[in-house]
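See structure below.
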Amino acid sequence: MHELSVALGLLEGVCETASRDAIDRVLAVHVRVGALTGIAPEALQFSWELASAGTVAEKSALKIDHIPLIVFCDRCASERRPAPASGLVCPECGSTCATIVHGRELQLVAMEVPQ
Amino acid sequence: MKYRVVQIEQNIMRKNDALAETLRGRFAQSGTLVVNILSSPGSGKTTLLEQTLTRLAARRKVGALVGDQATDNDARRLARSGAPVRQITTAAECRLDADMIGKALEGWNCGPLDILFIENVGNLICPAEYDLGEDLRVVLFSVTEGEDKPLKYPLAFNTSQVAAVTKIDLAEAVGFDGDAAHASIRQVSPGVTIVELSARTGAGMDAWIDLVEARAAEKGRRPAGVG
């Protein structure tokens, strides 16, 4: 349950950007959340509501872009998407892949503000 | 409502990552090996640390920071080893972060340490995201937990350099399938070093201590920082 910490980290980035650009209202916030982060989307939504209350981002929508786990398989020389709960095992050749390409993302991407 | 999009593109963990880098610089200066220990509650972090501190305290300057949501029971247990120990009570937080480590080091009169152990809060999800400036991340996994645990918490295992299978003295009693456990560890962390041990009986403890000491010796020899 580190969703509240994540929401507070997001809020910091949002408020910094808003104050830099003299923005007084944020309508929506876009985030990227990788499959490996263990973040529960409902908990993040709930935490965002709590964290953003009383700020420029109050009542803003949190739009989560879920990033699946993608590994690089050396044997296939290709990016692969492992089956759920199979670790980093290549679904094609069965070898374990050492390189995680996507899935660790925890990023504040952008925000929507009134025109 | 008409809107425009403001691009930001920033890593949410950036503050912690920056603080962790500062800590890493500081530990490089002092030549201190930092070991961050992660596991579920009840996998044996405190028992392993008790034995580890006791064995190392005679020939190395060792200390420990211990994270728990409440109580200082673990710190009191570890302090019996004679090594300096400080409790970090995290209250609502389910993990330690670099800021907590920085604050705990302030005013902690432990002298220069060869090895600093950090016992994280018992949790396999949240602590995996937080770099504490450590050299070595060690994830524990006890034989009573189910061989597929690494598949359920891949990040904790993937970001660790050492996976320690603990309570190995109970393996037979609980029908632990070592091959299956090793296979699931390898599936999420192909390069990890696996050790098996029992802090209670001492089985496998020599290999564990040797591993830590070898890393400490390596770090202590490295020239401290540049300039």
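The values are calculated or read from the model by the stated rules, or taken from the named source; none is laboratory data. Predicted, not measured: the structure shown is a model, and the values here were computed from it. Cβ placement follows ideal geometry from the backbone for every residue including glycine, while neighbour counts extend to all protein chains displayed.
Side notes on the structure shown:
- Some residue of the stretch B:164-177 being in contact with a helix residue (DSSP H, G or I) (Cβ under 7 Å, 6 or more places away or on another chain) and surrounded by fewer than 16 Cβ atoms within 10 Å (Cβ to Cβ): no
- Of all residues in the stretch B:154-178, those that are hydrophobic (A, V, I, L, M, F, W, C) have Cβ atoms under 6 Å from Cβ atoms of residues that are surrounded by fewer than 17 Cβ atoms within 10 Å (Cβ to Cβ) and modelled with pLDDT of 95 or more, 6 or more apart or on another chain, in B:Val162/B:Thr193; B:Ala163/B:Ile194; B:Ile168/B:Ala203; B:Val174/B:Thr144.
- Looking only at the stretch A:22-46, and only at residues there that are within 12 Å of chain B (Cβ to nearest Cβ) and without any contact (Cβ under 8 Å) to a residue 60 or more places away in the chain, the one that is farthest from A:Val101 (Cα to Cα): A:Ala22
- Failed item, numbered, when B:Lys2 is tested on (1) within 14 Å of another protein chain (Cβ to nearest Cβ); (2) at pLDDT 95 or above: (2)
- When the residues of the stretch B:73-114 are filtered to those that are buried (at least 20 other Cβ atoms within 10 Å of the Cβ) and within 14 Å of another protein chain (Cβ to nearest Cβ), the one that is farthest from B:Gly63 (Cα to Cα) is B:Glu93.
- Subset of the stretch B:8-34 that is of a type in the set (D, E, K, R) and within 25 Å of B:Arg221 (Cα to Cα) - its residue that is nearest to the other protein chains (Cβ to nearest Cβ): B:Glu21
- Flag if B:Phe141 is outside any strand (DSSP E or B) and either buried (at least 23 other Cβ atoms within 10 Å of the Cβ) or in contact with an Asp or Glu (Cβ under 8 Å, 6 or more places away or on another chain) (or both): no
- Any hit, the stretch A:62-81, residues being modelled with pLDDT of 95 or more, charged (D, E, K, R) and under 29 Å from A:Val113 (Cβ atoms): yes
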